[in-house]
Amino acid sequence: MRQLIAALAVTALAGCGVETATTAATGAAIKAQEVEEGKKTQQRAQQKIDQAMDQMQQRARQADDTSAR
């Protein structure tokens, strides 16, 4: 009987360790996905900023060309 109780206790404790490791791995995977999404968002924002800067430079050149005439 003692052996059965000991075996059940060991099995229960091992199960807790597996659950903890699985939870930690899942959390890490979620964080990695969040970081990747953040990088994509940052890249899109940088592209928009670059486009806006290009438009401003084009308009400034056009204004200079117009005033020079």
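Here are a few things to note about the model shown:
- All other residues whose Cβ lies under 12 angstrom from that of Gln58 are scored, Lys and Arg at +1 and Asp and Glu at -1, for a net of -1.
- Radius 12 Å from Cβ of Gln46, net charge of other residues (Lys, Arg +1; Asp, Glu -1): +3
Here, each number is a calculation from the coordinates, and none is a lab measurement. Note that the structure is predicted; figures quoted are calculated from it, not measured. Because the Cβ atoms are built from the backbone with ideal geometry, glycine has one as well, and the counts that use them run over all protein chains shown.
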